[in-house]
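Structure record follows, encoded as structure tokens.
Values quoted throughout were computed directly from the atomic coordinates according to the rules given, and no laboratory measurement underlies them. A quick note: this is a predicted structure, and the numbers were derived from the prediction, not measured. Glycine gets a Cβ as well: all are built from the backbone with ideal geometry, and neighbour counts include every protein chain shown.
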Amino acid sequence: MIYKKKLALTYLKLDPVQTSVKFNLREKMTNQLTGAEIVFKALEEHGVEYIFGYPGGAVLPMYDQISKQKKIKHILVRHEQGAGHAAEGYARSSGKPGIILVTSGPGATNTVTALTDAYMDSVPLVCITGQVPTHLIGTDAFQECDTTGITRPCTKHNWLIKDVNKIAETVHKAFNIATTGRPGPVLIDIPKDIQFQKGVYKSSKEIEIDNKKKIINSDLTNIEKAVEMIVKSSKPIFYTGGGVINSGPEASKALRELVKLSGFPVTSTLQGLGAIPGDDHQFLGMLGMHGTYEANNAMHDCDLLINIGARFDDRITGRVDAFSPNSKKIHIDIDPSSINKIVKTDLSIVGDSLTVISEMITILKTKYSNFNSSNKEKISAWWSQIETWRKKKSLSYKKDKKLIMPQQAVEKLYELTKKQDTFITTEVGQHQMWAAQFYKFKEPNRWMTSGGLGTMGYGLPAAIGVQLAHPKKLVVDIAGEASILMNIQELSTAVQYRLPIKIFILNNQWMGMVRQWQELLHEKNYSESYTEALPDFVKLAEAYGAVGIRATNPNELDDKIEEMMKINKPVIFDCVVKKDENCFPMIPSGKPHNEMILGPDDEEEISEEGKVLV
Amino acid sequence: MPKSAYEIDQQSESVERYIVVAWVDNEAGVLARIAGLFSGRGYNIESLAVAQVDDERNISRITIATNGTKQVVDQINAQLLKLIPVHKVATYPIDDTSIFRELALIKFVAESDTLKKAEQLCIDLNSIILDKTPKSFIAQYLGTRREVDSFIKKIKPLGAISISRSGALAMKKGPETVKDNKGKVL
Ligand SMILES: Cc1ncc(C[n+]2csc(CCOP(=O)(O)OP(=O)(O)O)c2C)c(N)n1
Ligand SMILES: [Mg+2]
């Protein structure tokens, strides 16, 4: 995000005449490459292993390159949205940016959902799109669309390249912008004639990009102040988010140390799961709309809230004016615009999670060396309060003899897979929330879900990206029967590349989350949320060349899950579950954290204002 | 507190007019980025003025008049700084620590009697006549937004048939200039 103006400026200073003179000189001295060759050389320089893409007229020069080189492997998806989510899965599980290559017009517009998804969830992507030749731009040419115009609000930055000699530099800048600061997607639109033209390659070393993280003194003193507040508090809580995951695995280690050192309780957003082990005693589970009773009550009653890398999203805060009313709030975020956007904070630190957490630990250890022991007593009353909330067992559910409960299916999946390093992706709906509630992640980067945009159809392509980044690991997409149909075509991709992903469908025949809202907020008017015709998922799997398994009875669940895990091929596991189960706990729209519904016996009236909210 | 789906006590903070100034690379699409940011996030643009101010470094200065609470304006500031071609941003509350100017051009077409009256009034109100024919003239007026408003109100009945106004320009009084405030991350 921070990059030297100098770069852009020296660059802009050259007028076209000067530029061409310069390049004419160079032409004689250096090897000239086509625009398409330059793109691939730059991608290689950034260590790209995989491109997720789909060909078309406006990118054919670039597709020529794919078969001419060996270092970068192209993964042919079945729909460009799939390419986008696969790149997201790859990025989120590996920490490296995901690369997309698609054609102009429909190829570009099909990636928009994935780009928006990545923008909302801060996932680094570099998307390269073909464009109609320069002289046709603006003429409504075949497969022309204003790609940079359409993607401007859903990328961190984008470029339309009009000079072959700017390609290398732009690709280097693109990688820098996508991966630094708050990560996100970027897009480079390259007209076909520019892909053919010859120009000069410049390595990223020849380009001045300022990557240095600057330390501002005011933020350093703020860290000291934060530690002071931490030491003084008696009802503290850490509220951590995706910023910790994005800061790299070291940040999660540092967070664990800080949590241990302080003895404080910690809760996490949907995107932050895995930073703290899900079974750690100090971990209160996820917070927010479907968070645990103890996490939400602790947020409501705490006297100090320490937000590390989370953004006070509306799924988290519930009613903002009743959000954690009596606490002092510290907000640590790499994105200055997140601070004071939704919730006013008492102290803010703009910085990378790892840097700030490490600094906090150092200060705690040096300035307050007996903190760990002195602190125990101070927060003991707080902990016993938390334990009474915990005793409510807000995630409990009633088992059934004949029917598989969706919660039970996720719990079983967790029990049977927890011994191996497992990666979970999800679609969007109830199954996603149950996955977040019942699958306990031990490590970061093991959990890939569409949180900000809530994109049905995310999980299957994301699993493909994850499996490519981690070929030997178990990758499971916990899915709903409605969501999975939104990008089911990608099963064909998984089969083609022999990616043994497991699609674990909690099949309730309903758009369960929609049905739940209709039940609770729309007088049980179940309008269009039931799918009258569903495919036979076992046969569907077979048609694609994958394996299908169906479980309908709780007794067979263990065996069938184990069977699934043994198959070294893509599998669809059609787990037929109870149809009308609701996902609890739930903070109804417009309610504060301490007014949760815990279960079916606990449902209360939702106000008219509450119903308007999403 | 804006931009949350939930009801927020907005009465506690008053809505004021502000000037937002951004220094940007003069490149294709930069204005669309800024206009898109304002419309996408529901901020208001009252007026807008853009021109290159540094030919050597290719920098344009964009001046936007907007309104909102202090918190909204701080958000605008932070969101603008996230845009890649934006170098620095300043926000001025509209008060007497800064200078504000707007320009208006007004064309009058009328019978010679009315035209004479109009011309005299324009001169009395400190505007400059830029073009004159027997049937028409064009006056230029410079002032704060309020002054331009009141000028137009006074001369409008006298045959003003075409009015063109610029967006506001602003500058802090005194020797200070705006420092680079971009991209400091710990
Ligand atoms: C692309 C898209 N369209 C619509 C929605 C709205 N939506 C949210 S959850 C949901 C139902 C999902 O049903 P299913 O995949 O069966 O999951 P379940 O809730 O039953 O577990 C819908 C339609 C969405 N999130 N994404
Ligand atoms: Mg369903």
Inter-probe distance in nm under a simple model that places probes 7 Å from Cα toward Cβ, at B:Glu176 and B:Lys116: 5.3 nm
Between region A:112-163 and region A:524-552, how far is it from one alpha carbon centroid to the other, in angstrom? 35 Å
XL table A:Lys225/A:Lys365; A:Lys253/A:Lys473; A:Lys225/A:Lys253; Cα-Cα > 19 Å flagged, in table order, is A:Lys253/A:Lys473; A:Lys225/A:Lys253
Quick one: helix A:380-390 against the long Cα principal axis of chain A, what's the angle to the nearest 10°, folded into 0 to 90? 90 degrees
With unit charges on the beta carbon (Lys/Arg positive, Asp/Glu negative), name the residue among A:Cys127, A:Gly107, A:Ser94 whose Cα is farthest towards the positive pole of the charge dipole of region A:71-157. A:Ser94
Under 5 Å, built H, 5+ apart or other chain: amide partners of A:Leu101: A:Phe52, A:Gly53, A:Tyr54, A:Ile128
If you plug each phi of region B:40-56 into the Karplus form 6.51 cos²θ - 1.76 cosθ + 1.60 with θ = phi - 60°, what whole-Hz ³J(HN,Hα) values come out, in order, with x for Gly and Pro? x, 9, x, 8, 9, 10, 7, 8, 8, 9, 9, 7, 5, 10, 9, 5, 6
Whole-Hz couplings from phi, Karplus 6.51/-1.76/1.60, listed for region A:516-529; x for Gly and Pro: 4, 5, 5, 5, 8, 10, 10, 6, 6, 8, 7, 7, 6, 9
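Roughly how many debye, to the nearest 20, is the charge dipole of chain A about its Cα centre, given +1 on each Lys and Arg Cβ, -1 on each Asp and Glu Cβ, and no other charges?
Working: 74 positive and 72 negative charges, 441 e Å.
For this selection, approximately 2120 debye.
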Would you mind ranking A:Asp64, A:Asp314, A:Asp574 by Cβ crowding within 10 Å, fewest neighbours first? A:Asp64, A:Asp314, A:Asp574
Just subtract the alpha-carbon distance of A:Gln69 and A:His281 from 0.36 nm times their residue separation and send over the number in nm, one decimal. 71.2 nm
Just the number, please: Stokes-Einstein D of region A:16-212 in µm²/s, Kirkwood Rh from C-alpha pairs, 10 °C, 1.306 mPa s. 96 µm²/s
What is the helix-to-structure angle for A:167-179, meaning the angle in degrees between its Cα long axis and the longest Cα principal axis of chain A, kept from 0 to 90 and rounded to the nearest 10? 10 degrees
Please identify every one of the GluC sites (Glu not before Pro) in region B:87-180 that sits in a loop by DSSP and has no more than 14 other beta carbons within 10 Å of its own beta carbon. B:Glu111, B:Glu176
Here the longest stretch of chain A that holds no GluC sites (Glu not before Pro) in a DSSP loop having at most 16 other beta carbon atoms within 10 Å is A:209-522
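May I ask you to list the chymotrypsin sites (Phe, Trp or Tyr not before Pro) in region A:112-181 that are in a DSSP loop and have at most 13 other Cβ atoms within 10 Å of their Cβ? Don't jump to the answer; show the numbers that get you there.
On the way: sites: A:Tyr119, A:Phe142, A:Trp159, A:Phe175; in loops: A:Phe142.
For chymotrypsin sites (Phe, Trp or Tyr not before Pro) across region A:112-181 that sit outside H, G, I, E and B with at most 13 neighbouring Cβ atoms in 10 Å, the list reads A:Phe142.
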Most positive-pole-ward Cα, A:Ile276, B:Ser162, A:Ile316, against dipole of the protein assembly as shown from beta carbon charges: A:Ile276
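Are any of the pairs A:Lys41/B:Lys82; A:Lys569/B:Lys82; A:Lys440/A:Lys578; A:Lys329/B:Lys88; A:Lys401/A:Lys440 more than 32 Å apart by Cα-Cα distance, and if so, which? Write down the numbers at each step before the final one.
Numbers: A:Lys41/B:Lys82 29 Å; A:Lys569/B:Lys82 44 Å; A:Lys440/A:Lys578 23 Å; A:Lys329/B:Lys88 28 Å; A:Lys401/A:Lys440 25 Å.
Table pairs above 32 Å Cα-Cα are A:Lys569/B:Lys82.
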Applying the Karplus parametrisation 6.51 cos²θ - 1.76 cosθ + 1.60 with θ = phi - 60° to the phi angles of region A:339-355, what ³J(HN,Hα) value in whole Hz is obtained for each residue in order, glycine and proline being reported as x? 7, 6, 6, 10, 10, 6, 10, 7, 8, 10, 10, 8, x, 6, 3, 4, 4
Scan region A:438-533 for trypsin sites (Lys or Arg not before Pro) in coil per DSSP, keeping those whose Cβ has at most 11 other Cβ atoms within 10 Å, and list them by number. A:Lys472, A:Arg498, A:Lys524
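Relative to the compact-globule scaling 2.2 N^0.38 Å, provide the ratio for the alpha-carbon radius of gyration of the protein assembly as shown.
Working: Rg = 29.5 Å, N = 800, 2.2 N^0.38 = 27.9 Å.
After normalising by residue count via 2.2 N^0.38 Å, the value is 1.06.
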For A:Leu76 and A:Glu556, compute 0.36 nm times the residue count separating them, minus their Cα-Cα distance, and round to one decimal in nm. 169.2 nm
